[in-house]
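Peer 1: Take a look at this one; I'll ask things after.
The values are calculated or read from the model by the stated rules, or taken from the named source; none is laboratory data. On a predicted model such as this, the values are computed, not experimentally measured, just so you know. Glycine gets a Cβ as well: all are built from the backbone with ideal geometry, and neighbour counts include every protein chain shown.
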Amino acid sequence: MLRLPDQTDHPLPDTPSRLTDNPSLRWDHHAQRVIPHGPTPEGLGMSSHRITCVTKSARTPAGHQHITAVGVRGEPGTFTVAEIYKLMDEVPPRTFYTVSESTGAVAVVHKDVCACGVRTLRSHADAVRDNNLDNLHPCG
């Protein structure tokens, strides 16, 4: 009968129990190693661009804000939501994403329409707070 070594006696460098705080990684039980989970900037292709900051609207009467413009790494100034929509619609389409500074997790950004009807942008929900588009630093 095969028996795995006791991990308390022989801890692996990155054991599954230590991955709970890092959703961008997962444990490969077969190979006994850590592998990236979810998209990576390299995996998004050459037409991918990292959003590094956001500009938000004033609070609406309902009390919420919308993303109105974003800063893209390596590009001067900001791009409006309408400009980002056009870039997303190009052939081939451009992909935009954010990266968590604490975990390295990548969140793809997509078009969104707020419940109030405003066209805006939203990052993929992945339970990582600092790669959420709404939580990026303000541009400027």
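Peer 1: Identify the residue in segment 70-128 that is part of a strand (DSSP E or B) and among the aromatic types (Phe, Trp, Tyr) and, among all such residues, is modelled with the highest pLDDT.
Peer 2: Among those that are part of a strand (DSSP E or B) and among the aromatic types (Phe, Trp, Tyr), it is PHE79.
Peer 1: Could you check segment 101-112 and list, in sequence order, the residues that are under 17 Å from HIS49 (Cα atoms) and more than 9 Å from the chain's Cα centre (by Cα)?
Peer 2: Within segment 101-112, GLU101, HIS110, LYS111 meet the criteria.
Peer 1: What do you reckon, is THR98 closer than 15 Å to PHE79 by Cβ and either in contact (Cβ under 8 Å) with a residue 24 or more places away in the chain or loosely packed, with under 14 Cβ neighbours inside 10 Å (or both)?
Peer 2: yes
Peer 1: For segment 113-140, what are the residues that are on the phi < 0 side of the Ramachandran plot and either over 15 Å from the mean Cα position of the chain (by Cα) or hydroxyl-bearing (Ser, Thr, Tyr) (or both)?
Peer 2: VAL113, CYS114, ALA115, CYS116, VAL118, ARG119, THR120, SER123, PRO138, CYS139
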